[in-house]
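The values are calculated or read from the model by the stated rules, or taken from the named source; none is laboratory data. Fair warning: this is a prediction, and the values are worked out from it, not measured in the lab. Here the Cβ positions follow ideal geometry from the backbone for every residue, glycine too, while neighbour counts run over all protein chains shown.
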Amino acid sequence: MALRPCKSCKNTVDTTAKICPNCGVKNPGLSAAQKVFRLLTVLLIIAVVVSMCSIASNEKPAEEAAKQVAPTTVVSPAYSITKDDFQKGRPRKVEVMLPKRLDEVDLVEVAKAIRANTKIQADRTFIGFRVEGQSESTYWANVSFDPYATTSLFGLSAKDYESLKALDLKAYPNRTGSWLRDGAFGHVMVLYKQNGKYLIDSIFPSGGKNTTKYVAQKLPDGGLRLDDPESDFNEHYVVDAKDNLQGWGENGVYMTLPPFQPES
């Protein structure tokens, strides 16, 4: 039997006594610190038991969820190689057709894949890209490796192209036609009639706009010739019977743009 002073009256009592026989205080042999320690011990045991039960109950759902998660598949943008030329001692030259415009990150990834997917050992590689449906005959963009990748964009970026596709042309109720020039300074050309005169608004991705007045002349085949009276160049436009816009110069047709209808 262990003895110690009562926490209240200081008379010697058994540490297991429930009541002090002298002063009547409860648990006379148990100090406040010991009571707190016992309480914390009980709470800790309860917390450990609850935690173990929770982990056990969550393990199976977590395993099932992991099984149901589909693996992530990285899909490279589509492309087709239309020309691949290499002569020893000279750069490898590749021409590629894309189904749509890509941002710079995806463009470089495609170029890296083309460069790697060959048995040709070239120190330098030049890859020219065109986009299906583009009006310009030149490359839309190119990527050169010498040995690191350098990107050059010659036509409308993917972002600017989407911006022009979303144009709202409801402000042109007398619109005769609209066409997209997708070169380096790409824009949408809108032909309309105002106060008996023909005008073309050139609308750029930034929202900027240029307006040019034209003198119109009906052609025998049903087309429409448009001359800029203030231009010093011997050039003019023709809207043909199929609503294509042709650019004419001294050497004949230098540009043909099909009709363009924004999505909005």
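Working only within region 135-163, note down all residues that are surrounded by fewer than 18 Cβ atoms within 10 Å (Cβ to Cβ), in a strand (DSSP E or B) and touching a Ser or Thr at 6+ places or on another chain (Cβ under 9 Å).
Correct list: Ser144, Thr150, Thr151, Ser152.
Examine region 216-235 for a residue that is exposed (fewer than 11 other Cβ atoms within 10 Å of the Cβ) and among the hydrophobic types (A, V, I, L, M, F, W, C), and state whether such a residue exists.
Looking through region 216-235, at least one residue is exposed (fewer than 11 other Cβ atoms within 10 Å of the Cβ) and among the hydrophobic types (A, V, I, L, M, F, W, C).
Somewhere in region 183-190, is a residue touching a residue at least 40 places away in the same chain (Cβ under 8 Å) and touching a helix residue (DSSP H, G or I) at 6+ places or on another chain (Cβ under 6 Å)?
yes
Inside region 171-182, can you point out the residues that are out of contact with any Lys or Arg (no Cβ under 7 Å at 6 or more places or on another chain) and in contact (Cβ under 8 Å) with a residue 40 or more places away in the chain?
Answer for region 171-182, where residues must be out of contact with any Lys or Arg (no Cβ under 7 Å at 6 or more places or on another chain) and in contact (Cβ under 8 Å) with a residue 40 or more places away in the chain: Gly177, Ser178, Trp179, Leu180, Arg181, Asp182.
Inspect all residues belonging to region 252-263 and state whether any of them is over 39 Å from the mean Cα position of the chain (by Cα) and either outside any loop (DSSP other than H, G, I, E, B) or not assigned by TED's automatic domain parsing to the domain that holds Val188 (or both).
Yes, the conditions are met somewhere in region 252-263.
Of the residues that sit in region 213-251 and are of a type in the set (S, T, N, Q) and outside any strand (DSSP E or B), which one is nearest to Lys197 (Cα to Cα)?
Ser231
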